[in-house]
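Worksheet: one structure, shown below.
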Amino acid sequence: MLVDKEKNVWLGSGGDGQGLFKAKNGNLEKVSFPEFPEFDHAIVKRIHQDQYGNIWVGCNGDLYRISQLDSESQYIEKLSTNQKIKSYDELSVVTNIYSDSLSYFVWFGTELNGLYRIRNEKGVGLDEIQILNYIPDPGDPTAVNSNFISCITRDQKGQLWIGTEGGGIS
């Protein structure tokens, strides 16, 4: 669940595959996009709003960005259209999304593919955006300790912390 900057409530269906819902002015409506019919049945795991007001929706197997074009219309993109993501293994469940207040990055963690960093540039589509993937590397002490990323945050000193399942904190 997310309450956005405009006081809209976004609700994910969780495990039942019913997609995403938005409550505005007391009315609950299903969020649907004809260009991505699979989104109607998505298992929503995380919902997050970035500094530009975009809504990021993490699901089983993909990450979506919903941009508000005006008061009534929205535009949706999915990350799996990016060639860089296609070069990795199939994207697993998105477990966490973090919009970095110290940079223009959106970080997201997965159950099997480690940590991703997206350069979140206004006006740049997800099919063109810069993406980096961080996975465990025994030879690199600064690498994440597990492919299962459970949480992402920054502390008051600006240090980025990555919580992992079975690998502790990176």
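Couple of notes before you dig in:
- Summed over the stretch 75-116, the residues that are without any contact (Cβ under 8 Å) to a residue 24 or more places away in the chain and farther than 26 Å from Gln159 by Cα give a count of 4.
- Candidate set: the stretch 32-56, residues that are touching a helix residue (DSSP H, G or I) at 6+ places or on another chain (Cβ under 8 Å) and open to solvent by less than 30 Å² (accessible area, probe 1.4 Å); chosen: the one nearest to Met1 (Cα to Cα): Val44
- Restricting the stretch 82-133 to residues that are open to solvent by 80 Å² or more (accessible area, probe 1.4 Å), touching a Leu at 6+ places or on another chain (Cβ under 9 Å) and not in a loop (DSSP other than H, G, I, E, B), the residue that is farthest from Trp161 (Cα to Cα): Lys84
- Screening Gly163 on (1) under 28 Å from Ile76 (Cβ atoms); (2) in a strand (DSSP E or B) shows it passes everything except condition (1).
- The listed residue being under 17 Å from Gly12 (Cα atoms), out of contact with any helix residue (DSSP H, G or I) (no Cβ under 7 Å at 6 or more places or on another chain) and of a type in the set (A, V, I, L, M), out of Val124, Val144, Val93, Val106: Val93
- Any hit, the stretch 37-45, residues being touching a His at 6+ places or on another chain (Cβ under 6 Å) and either closer than 13 Å to Leu126 by Cβ or modelled with pLDDT of 90 or more (or both): no
- Matching residues in the stretch 1-22 - criterion: being open to solvent by less than 30 Å² (accessible area, probe 1.4 Å) and either closer than 15 Å to Gln74 by Cα or among the acidic types (Asp, Glu) (or both): Asp4, Asn8, Trp10, Leu20, Lys22
- Long-range neighbours under 9 Å by Cβ, at least six apart or interchain, first residue part of a loop (DSSP other than H, G, I, E, B) and charged (D, E, K, R) within the stretch 1-19, second at pLDDT below 90 and surrounded by fewer than 16 Cβ atoms within 10 Å (Cβ to Cβ): Glu6/Lys24; Lys7/Lys24
- Within the stretch 118-135, residues that are among the basic types (Lys, Arg) reach partners that are surrounded by fewer than 18 Cβ atoms within 10 Å (Cβ to Cβ) with beta carbons closer than 6 Å, at six or more positions or on different chains, in the pairs Arg119/Gln130; Lys122/Tyr52.
For every residue, the table says whether it meets (1) more than 15 Å from the chain's Cα centre (by Cα); (2) among the polar types (S, T, N, Q); (3) within 30 Å of Thr81 (Cβ to Cβ).
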{"site": "Gly125", "(1), (2), (3)": "no, no, yes"}
{"site": "Ile131", "(1), (2), (3)": "no, no, yes"}
{"site": "Gly139", "(1), (2), (3)": "yes, no, no"}
{"site": "Phe148", "(1), (2), (3)": "no, no, yes"}
{"site": "Arg154", "(1), (2), (3)": "yes, no, yes"}
{"site": "Gln159", "(1), (2), (3)": "yes, yes, no"}
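The values are calculated or read from the model by the stated rules, or taken from the named source; none is laboratory data. No experiment lies behind these values; they were computed from the predicted model shown. Using ideal geometry, Cβ is built from the backbone for each residue, glycine included, and neighbour counts are taken over all protein chains shown. Ligands, DNA and RNA are stripped out before the accessible areas are found, and what is left, the full protein with its side chains, is counted by its heavy atoms. Shrake-Rupley method; radii C 1.70, N 1.55, O 1.52, S 1.80 Å.
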